[in-house]
Amino acid sequence: MPDQGIEAYAAYLPAYVLTDNRLDAGGPPRTGGPSRGVAAYDEDVVTMAAEALRHLTAAGGPLLLATTTAPYEAKTAAGIVHEALGLDPGVSAVDLRGHRSGATALDLVLRAGALAAAADVRTTRPGAPDELGQGDAAAAFAGGGARAAALLGRAGHTTEILERWRLPGERHDRVWDERFTAEILAAAGVDAARRALAEASLDAVDHVVVSSSNPRAAAALRKALRGAGQDAALERATGFTGAAHPGLLLAATLDDAEPGQTILLLSATEGADAFVFRVGDGIREARTGPPVREQLAARQQLGYGRYLRWRGLLDVQGPARPAAPAPAAPPMHRRAGWKYRLEGSQCGACGRVTTPPTRVCAACGINASESRIGATAAQRDAGIAGAGEAKVSLRDRTARVVSVTRDHLTTMPEPEVAVVIADVDGGGRLSVYATDVPPGDVTVGMAMTPVFRRLWTTDAIHNYFWKLRPAPLTEGQ
């Protein structure tokens, strides 16, 4: 048991927050109520999982994607994430589905050293009572060590209950009266928590974290387990994020926990899953992205009408422009390095990077097969030409905007978008869309970083590629 644990972790919150879902714009804005994180129109569970996982490394186990809102029914969404991360083909990619899948993914991280992400984009019918109680987020964990936390105890409790469900082809969850299901889930949660604590030989812990698809059950479990309520405060700011919620609450707790402290994580949905952890000495180095609190503070307010357009819940007239063409399978496969991993080709003769990748260097005109012949003695001595053409990924580099165009005839659910040309630090040039920033705020010289997003969907095919968003102030601004 001591060898099982979390080696590294990350959480991803979208850049937008919705705090008011009134259709009537009159009156003062709501304050102090619940809010929900909102994935942008170009985000889904694939892109959020890729963002959460992009700095984590596999420990030999499979790549898992847990969600209730996968972009495809029959196709494995985890395979797209696998390609975007550039993982070894020998690493398997597996989808996990259902509200309990987030806890299952965490269990496999602990037991099998898996690399896992849980992500969800939650929607309800406009004006539904829990519309602001649902939210979008992702969390990721890597096993194979216990730098972040060691597992002390684990217990589960399965209960077949009709609580939240959705039929194939439906967009929104159906929910049974929570007064009926709360008592059942609370009983399952208490049972799982007590058995996990007994396995860990503990009577109490420093942090109690409760995730449940039923708000009444969550409140009852926090009271029964004497939780301090920080998890409830975070949920009020993000909404219940489906399969991602246990991982998101755990990541936020690990952000603030001290080495040696203990954590009880309880997920109560379709039964219960309980985990008891001891925080590791390497907790500060185990987080691979910004802390949850920092991401909360950086979110942008989103209007309700804009949110409805993004989700396709408000049918508005678009531009008189044909839909973007659907991508085809053969070129997507041939250009996977560029499309999914943002790889350019580095010339073996002059060292310049060409984007998109090509066998002929755009700088010196030498074919990759001729790079040994065209190299100077100094280059050969330095080993530049010895490898011929090399592939280099630009996804973790900063790019500087050299030109901006504002497109007012976009087929995206926005009145305009910014298209930028940017030079990448270290070589390469990108011509891509900007995202997570108002088009008018994009300026020449702005530092931006690549982010994996969905461009559009045509003929039932999702077209993924990279965009640029403003770089954090610590990354060159």
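One table, with the values for the structure above:
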item	result
Helices (runs of 4 or more DSSP H) contained in the stretch 289-351 and holding at least 2 residues in contact with a Leu (Cβ under 7 Å, 6 or more places away or on another chain)	292-297, 304-310
Residues (touching a strand residue (DSSP E or B) at 6+ places or on another chain (Cβ under 9 Å) and assigned to a loop (DSSP other than H, G, I, E, B)) located in the stretch 64-74	THR68, THR69, ALA70, PRO71, TYR72
Condition check for ARG122: modelled with pLDDT of 95 or more, part of a loop (DSSP other than H, G, I, E, B) and within 19 Å of the chain's Cα centre (by Cα)	yes
Flag if LEU314 is under 30 Å from GLY127 (Cβ atoms), surrounded by 13 or more Cβ atoms within 10 Å (Cβ to Cβ) and either at pLDDT 95 or above or touching a helix residue (DSSP H, G or I) at 6+ places or on another chain (Cβ under 8 Å) (or both)	yes
Condition check for PRO34: in contact with a Leu (Cβ under 9 Å, 6 or more places away or on another chain) and closer than 28 Å to THR124 by Cβ	yes
Criterion (modelled with pLDDT of 90 or more, of a type in the set (D, E, K, R), open to solvent by 40 Å² or more (accessible area, probe 1.4 Å) and in contact with a helix residue (DSSP H, G or I) (Cβ under 8 Å, 6 or more places away or on another chain)) met by exactly one of ARG334, ARG341, ARG352, ARG306	ARG341
Search result, residues across the stretch 190-219 that are within 30 Å of the chain's Cα centre (by Cα), open to solvent by 50 Å² or more (accessible area, probe 1.4 Å) and over 15 Å from THR262 (Cβ atoms)	PRO215, ARG216, ALA219
Filtered residues of the stretch 97-130 (kept if under 30 Å from SER35 (Cβ atoms), open to solvent by 30 Å² or more (accessible area, probe 1.4 Å) and in contact (Cβ under 8 Å) with a residue 40 or more places away in the chain)	ARG100, THR104, ARG125, PRO126, GLY127, ASP130
Residue match in the stretch 42-63 (condition: touching a residue at least 12 places away in the same chain (Cβ under 8 Å) and assigned to a strand (DSSP E or B))	yes
Scan of the stretch 31-55 for residues that are open to solvent by 10 Å² or more (accessible area, probe 1.4 Å) and either over 21 Å from LEU115 (Cβ atoms) or more than 12 Å from the chain's Cα centre (by Cα) (or both), ordered by number	THR31, GLY32, GLY33, PRO34, SER35, TYR41
Qualifying residues in the stretch 145-180 (those that are more than 26 Å from THR69 (Cα to Cα) and not in a strand (DSSP E or B)) - the one most open to solvent (accessible area, probe 1.4 Å)	ARG147
Residues located in the stretch 285-318, provided they are of a type in the set (Lys, Arg), farther than 22 Å from ARG166 by Cβ and within 21 Å of the chain's Cα centre (by Cα)	ARG287, ARG293, ARG299
Which numbered condition PHE141 misses (of (1) aromatic (Phe, Trp, Tyr); (2) open to solvent by 70 Å² or more (accessible area, probe 1.4 Å); (3) in contact with a Phe, Trp or Tyr (Cβ under 6 Å, 6 or more places away or on another chain))	(2)
Residue in the stretch 419-439 that is in contact with a helix residue (DSSP H, G or I) (Cβ under 6 Å, 6 or more places away or on another chain), modelled with pLDDT of 95 or more, part of a strand (DSSP E or B) and over 22 Å from ALA77 (Cα atoms) present	no
So ASP281, is it among the charged types (D, E, K, R), open to solvent by less than 20 Å² (accessible area, probe 1.4 Å) and not in a helix (DSSP H, G or I)	no
Candidates LEU87, LEU65, filtered to the one that is open to solvent by 30 Å² or more (accessible area, probe 1.4 Å) and aliphatic (A, V, I, L, M)	LEU87
Residue in the stretch 375-390 that is modelled with pLDDT of 95 or more, surrounded by fewer than 17 Cβ atoms within 10 Å (Cβ to Cβ) and more than 30 Å from ARG309 (Cα to Cα) present	no
Residue match in the stretch 408-421 (condition: open to solvent by less than 10 Å² (accessible area, probe 1.4 Å), farther than 24 Å from ARG306 by Cα and hydrophobic (A, V, I, L, M, F, W, C))	no
Residue in the stretch 93-112 that is under 29 Å from HIS333 (Cα atoms) and in a loop (DSSP other than H, G, I, E, B) present	no
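Residue by residue, here is whether (1) in contact with a Gly (Cβ under 9 Å, 6 or more places away or on another chain); (2) at negative phi; (3) not β-branched (Val, Ile, Thr) holds:
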| position | (1), (2), (3) |
| --- | --- |
| GLY229 | no, no, yes |
| ALA232 | no, yes, yes |
| GLU235 | yes, yes, yes |
| ALA244 | yes, yes, yes |
| THR262 | no, yes, no |
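The values are calculated or read from the model by the stated rules, or taken from the named source; none is laboratory data. These numbers come from a predicted model, not from an experiment. Every residue, glycine among them, receives a Cβ derived from its backbone with ideal geometry; neighbour counts consider all protein chains shown. Remember, those area values only see protein heavy atoms, side chains included, never the ligands or the DNA or RNA. Shrake-Rupley method; radii C 1.70, N 1.55, O 1.52, S 1.80 Å.
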